[in-house]
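Enquirer: Take a look at the following structure, please.
The values are calculated or read from the model by the stated rules, or taken from the named source; none is laboratory data. On a predicted model such as this, the values are computed, not experimentally measured, just so you know. Neighbour counts run over all protein chains shown; Cβ positions are idealised from the backbone, glycine included.
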Amino acid sequence: MIKKIRKPFEYTIIAILACVMALNYEIFIFQNSFAPAGINGLATMVQYLFDFSVGYMSLIINIPLVIIAILFVHRDFALKSGLFVLVFSGMLIVFDHIDLSAFVYHTENGTSTILAPIAAGVINGAIYGISIRMGGSTGGTDVVAAIIRTKRPHISLVWIIFALNVSVAAISYFVYGFNAEPVILCIVYCFLTSTVSDHMLKGLKEAIKFEVITDKAPEISQRLMTELHHGVTVINAEGMYSHTGKQVIICVINKHQIVDFQKIVKEYPGTFAYVTGVNETVGNFKKISK
């Protein structure tokens, strides 16, 4: 029953996200003379120059990409990306005939221009992250990246996307009246979108890994399991400076438990520990509430 509900739920969320992104474009991007990242950035500049709606331009660019993705990538990913593009483009076309001036953020009253890409970048970053977690995408560059990955998995997609965004920022200098400000705004938007989406994709699964070198492994391990409720792994080792037997405790914990972990370790003199970040946990890792 849950599986039957899950698919419609995911498609509904993606459609809602597409509506929010379209509204985000109308309120923060179009009226503030800067281009967002990727293919939609190019479409935004076309609209600025020729008054050709981003909604239509997005359909022209993305429909062929979605068809290719259905054939060569993954059907579910392609359908979700296609739904996002259709709803996003459709809403932009609808908004062309609706007066949203009361809600649009613009800078004619002397307020800071930088607030527009900050707001737009944060909102679209969250939308991008949720869309990816739902198994879809926002279209455009994401679909291109997925297609390239199936044929050329060795190519660094990070650099392809980076090059496209740099090109959008550079072109915006000439499109918006040989002005450096749109370039800066585009860079701010790209940075915030990437940062927020990365946090959305990894932040909920991040953890902390401790590796503890000690000769008190049984006592420390027992306390970690009973007080922090996480399992541990113990490996036998040898200290090469003193040639004495040691044990290495490996334990992955939630980020908010780091202070409690440190308190336990400090109670055992001669114990040495170091910590590293874990970008993602997979499998049987328990999330402990604060």
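Enquirer: Residue check: is I132 modelled with pLDDT of 90 or more, out of contact with any Lys or Arg (no Cβ under 9 Å at 6 or more places or on another chain) and assigned by TED's automatic domain parsing to the domain that holds Q47?
Expert: No: the conditions fail for I132.
Enquirer: Which numbered condition trips up T107, out of (1) closer than 18 Å to C186 by Cα; (2) outside any helix (DSSP H, G or I); (3) in the same structural domain as P8 (by TED's automatic domain parsing); (4) of a type outside the set (D, E)?
Expert: The one condition T107 does not meet is (3).
Enquirer: Let me ask something else. For residues in the range 192-207 being aliphatic (A, V, I, L, M) and modelled with pLDDT of 85 or more, which is farthest from G121 (Cα to Cα)?
Expert: Among those residues, the one meeting the criterion is V196.
Enquirer: Out of the range 30-67, which residues are more than 28 Å from I147 (Cα to Cα) and assigned to a helix (DSSP H, G or I)?
Expert: F30, Q31, N32, Y48, L49, F50 - these are the residues of the range 30-67 that are more than 28 Å from I147 (Cα to Cα) and assigned to a helix (DSSP H, G or I).
Enquirer: Continuing with the same structure: Out of curiosity, is D198 touching a residue at least 24 places away in the same chain (Cβ under 8 Å), within 30 Å of I161 (Cβ to Cβ) and among the acidic types (D, E)? Walk me through it before giving the result.
Expert: Numbers: touching a residue at least 24 places away in the same chain (Cβ under 8 Å): yes; within 30 Å of I161 (Cβ to Cβ): yes; among the acidic types (D, E): yes.
Answer is yes for this residue.
Results for (1) exposed (fewer than 13 other Cβ atoms within 10 Å of the Cβ); (2) more than 39 Å from the chain's Cα centre (by Cα); (3) on the phi < 0 side of the Ramachandran plot; (4) modelled with pLDDT under 90, shown as yes or no for each residue.
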| residue | (1), (2), (3), (4) |
| --- | --- |
| E227 | no, no, yes, yes |
| H230 | no, no, yes, yes |
| V234 | no, no, yes, no |
| M240 | yes, yes, yes, yes |
| T244 | yes, yes, yes, yes |
| C251 | no, no, yes, yes |
| K255 | yes, no, yes, yes |
| K263 | yes, no, yes, yes |
| P269 | yes, yes, yes, yes |
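Enquirer: Going by what's in this entry, would F9 be described as in the same structural domain as G139 (by TED's automatic domain parsing), over 17 Å from D142 (Cα atoms), part of a helix (DSSP H, G or I) and touching a helix residue (DSSP H, G or I) at 6+ places or on another chain (Cβ under 8 Å)?
Expert: Considered against the rule, which asks whether it is in the same structural domain as G139 (by TED's automatic domain parsing), over 17 Å from D142 (Cα atoms), part of a helix (DSSP H, G or I) and touching a helix residue (DSSP H, G or I) at 6+ places or on another chain (Cβ under 8 Å), F9 comes out as no.
Enquirer: Can you list the strands (runs of 3 or more DSSP E) lying wholly within the range 172-271 that have 2 or more residues being farther than 30 Å from A43 by Cα and of a type in the set (D, E, K, R)?
Expert: It comes to 207-214.
Enquirer: Working only within the range 123-153, note down all residues that are buried (at least 20 other Cβ atoms within 10 Å of the Cβ) and on the phi > 0 side of the Ramachandran plot.
Expert: Those that are buried (at least 20 other Cβ atoms within 10 Å of the Cβ) and on the phi > 0 side of the Ramachandran plot: G139, G140.
Enquirer: Mind listing just one residue for me: the one in the range 5-22 that is over 18 Å from the mean Cα position of the chain (by Cα) and β-branched (V, I, T) and, of those, farthest from S81 (Cα to Cα)?
Expert: In this case the residue turns out to be I5.
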